[in-house]
Amino acid sequence: MEEKAYEVLKLNNRVSAAWNCLQSNFSRSHELVRVYDASRTPAQQEGKYTIPTAGLYPFQWLWDSGFIALGFAKMKDVSRALTEIETLLFSGMRPSGMLGHITFHTPQPTYYPGSDEWGVPPTDSGHLISGISQPAVTASMLRKIVELEASDDTIQRAKKMMPSLHKNHCWWMTKRTHQETQLVAIIHPWESGCDNSPLWDEGLVRSNHNYQCCHLPEFQANDGGSSDCFRTMSMSGMTF
């Protein structure tokens with residue numbers, strides 16, 4: 001009984017830590033967008049999406065774009081905020097409703113693992129994405145944007161995004177719901193948005209034995225060749 005209570009306590013601590021991370025990004029969205037926006041160039045984005053860092057992270061990241069969009073809205077550029085989300089939904093969504101945590105808008109051979117390593121079929125718009133997702137914050141961000149400026153144009157554009165957002169939430173509920181607990185689950189630490197958090201150490205140690213037994217492929221992630229961040233991952237359990 002005590003052991004079970006201890007496991008519940010550890011789970012609660014992990015959930016609390018993840019929520020604190022999320023809340024921190026909410027409160028700092030207008031600051032983050034100033035940093036992210038500085039990396040944009042017209043040739044790369046044409047004002048439609050934002051990359052975290054030129055060279056290092058040269059693509060559009062799922063939940064990054066949500067916070068960036070909110071930052072644009074707080075900086076009184078609501079139209080640009082909506083464009084950020086529109087680009088994400090209409091470029092990076094699979095027919096199943098899955099949004100990849102990366103949308104590869106332009107080829108960047110220096111980034112690894114790139115679209116070839118993920119091996120995910122193109123989206124309906126012809127874009128390539130990764131095989132995992134990230135926290136579904138996009139709908140919450142869109143709601144906050146509409147609350148900041150509920151103009152006719154904002155509301156009409158938001159309505160056009162509703163079917164895609166609903167489709168994405170249905171994907172989480174059908175493809176990522178644990179059958180026994182009925183809780184929505186993730187299949188990789190990167191899907192949490194807190195990529196290299198020590199919260200995942202215990203679980204990764206436990207899963208390492210399974211990876212070896214099943215002979216699943218592993219590789220090191222090289223973030224553009226300009227970072228000391230090398231991470232080992234496995235392409236297992238992905239549902240597109």
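The values are calculated or read from the model by the stated rules, or taken from the named source; none is laboratory data. Note that the structure is a prediction, hence the values are computed from the model and not measured. Please note: Cβ atoms are built from the backbone with ideal geometry, for glycine as well, and neighbour counts cover all protein chains shown. Heavy atoms of the whole protein, side chains included, go into the accessibility calculation; ligands, DNA and RNA do not. Shrake-Rupley method; radii C 1.70, N 1.55, O 1.52, S 1.80 Å.
Among residues that are assigned to a loop (DSSP other than H, G, I, E, B), of a type in the set (D, E, K, R) and either under 26 Å from T177 (Cβ atoms) or in contact with a Gly (Cβ under 8 Å, 6 or more places away or on another chain) (or both), D64 is not included.
The requirement of being open to solvent by 10 Å² or more (accessible area, probe 1.4 Å), more than 16 Å from the chain's Cα centre (by Cα) and at pLDDT below 90 is fulfilled nowhere in the range 93-101; no residue meets it. Does A81 meet the test of being open to solvent by 10 Å² or more (accessible area, probe 1.4 Å), under 26 Å from C194 (Cβ atoms) and among the small types (G, A, S)? So A81 does not fit the description; no. For the range 109-124, the candidate set comprises residues that are open to solvent by 60 Å² or more (accessible area, probe 1.4 Å) and not hydroxyl-bearing (S, T, Y); within that set, the residue that is nearest to G55 (Cα to Cα) is P109. The lone criterion from (1) touching a residue at least 60 places away in the same chain (Cβ under 8 Å); (2) surrounded by fewer than 24 Cβ atoms within 10 Å (Cβ to Cβ) left unmet by K76 is number (1).
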